[in-house]
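Notes follow once the structure below has been shown.
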């Protein structure tokens, strides 16, 4: 048994530097992956903030549009507005028919 151990020991000693370098490579890869995850999380947070900003802006514009439509209905009267939109819709349809 002792002879067998003495035979294996030099082989293992030769493999040791290679295995140590592989461990270092994996440590570097692990660190790089961790850094990349951190960058992706930062980017995700930035995207969430941008989405929230755009959503708020959209809601603001939609509210302004609804307010504008309400004021237009009040100023022109509901019948006149309906007539205007109907005429515009009819003229756009006739344009497609004759084209």
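Observations, loosely collected:
- Globularity index of segment 24-64, i.e. its alpha-carbon radius of gyration over 2.2 N^0.38 Å: 1.96
- Relative to the current alpha-carbon distance between residue 70 and residue 1, full extension at 0.36 nm per residue lengthens the span by 15.2 nm.
- Cβ-Cβ distance of residue 11 and residue 32, R₀ of 41 Å, FRET efficiency by 1/(1 + (r/R0)^6): the value works out to about 0.80.
Each reported figure results from applying straightforward, stated rules to the coordinates on display, with no laboratory input. For clarity, every value in this text was computed on a predicted model and none was experimentally measured. When we count neighbours, we look across all protein chains shown, and the Cβ atoms used for this are built from the backbone with ideal geometry, even at glycine.
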